[in-house]
1. Among the candidates L45, L78, which residue alone is touching a His at 6+ places or on another chain (Cβ under 8 Å) and aliphatic (A, V, I, L, M)?
2. Collect the residues in segment 76-97 that are more than 14 Å from the chain's Cα centre (by Cα), surrounded by 12 or more Cβ atoms within 10 Å (Cβ to Cβ) and of a type in the set (G, A, S), keeping them in residue-number order.
3. Look through V67, V32 and report the one residue that is of a type in the set (A, V, I, L, M, F, W, C), in contact (Cβ under 8 Å) with a residue 40 or more places away in the chain and within 20 Å of A13 (Cα to Cα).
4. Which of the residues spanning segment 6-15 are open to solvent by 50 Å² or more (accessible area, probe 1.4 Å) and part of a helix (DSSP H, G or I)?
5. Please enumerate the residues belonging to segment 46-75 that are open to solvent by 80 Å² or more (accessible area, probe 1.4 Å), farther than 15 Å from A117 by Cα and part of a helix (DSSP H, G or I).
6. Can you tell me which residues in segment 98-128 are open to solvent by less than 30 Å² (accessible area, probe 1.4 Å) and free of Cβ contacts under 8 Å to residues at least 40 places away in the same chain?
7. Filter segment 16-45 down to the residues that are under 13 Å from T108 (Cα atoms) and either outside any loop (DSSP other than H, G, I, E, B) or open to solvent by 50 Å² or more (accessible area, probe 1.4 Å) (or both) and list them by number.
8. Hey, can you tell me all the residues within segment 82-128 that are of a type in the set (G, A, S), part of a helix (DSSP H, G or I) and touching a strand residue (DSSP E or B) at 6+ places or on another chain (Cβ under 9 Å)?
Amino acid sequence: YVAAHPCDVSTRAGCEELADFASDAYGGGLDVLINNAGTAWGEPLERKSGRMNWGFDRIMDLNVKAVFYLSAACLPLLEAAAAPTGAPSGRIINVGSIAGIVPQSAPTHAYDASKAAVHSLTRKLAAD
């Protein structure tokens, strides 16, 4: 069974809303969470469009913060799904990018940094 719920996961409130929906839709448990939302934006450093702060913040909000906030909000659901079987808690799959390892030639500074942050956050969450 797959359920969909449109919401803005670039905000903490949106992530919590989605976790609440998932709890209701899946009976309080979740076997797997796939963090795949993301966006890209690029602008040369020398360009003075006035959109640099907007673009950088937008990328970090969706590509990094959403992974953290949604993972934290869904953790009780992942643990609840595993509890009856005694298995380790559910799994979280975070979708990164090779751009987080090898910088692109395009001026996508925020995107590349955000995907490197996703890789690091994934390792940190796995260690917890």
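The values are calculated or read from the model by the stated rules, or taken from the named source; none is laboratory data. Everything numeric here is computed off the predicted structure, so don't read it as measured data. Because the Cβ atoms are built from the backbone with ideal geometry, glycine has one as well, and the counts that use them run over all protein chains shown. Calculation scope for accessible area: heavy atoms of the full protein, side chains included, ligands and nucleic acids excluded. Shrake-Rupley method; radii C 1.70, N 1.55, O 1.52, S 1.80 Å.
1. Being touching a His at 6+ places or on another chain (Cβ under 8 Å) and aliphatic (A, V, I, L, M) holds for just one of L45, L78, which is L45.
2. Answer for segment 76-97, where residues must be more than 14 Å from the chain's Cα centre (by Cα), surrounded by 12 or more Cβ atoms within 10 Å (Cβ to Cβ) and of a type in the set (G, A, S): A80, A81, A82, S89, G90.
3. The unique qualifying residue is V67.
4. Those that are open to solvent by 50 Å² or more (accessible area, probe 1.4 Å) and part of a helix (DSSP H, G or I): R12, A13.
5. N53, W54
6. A99, G100, D112, listed by residue number.
7. A40, L45, listed by residue number.
8. A126
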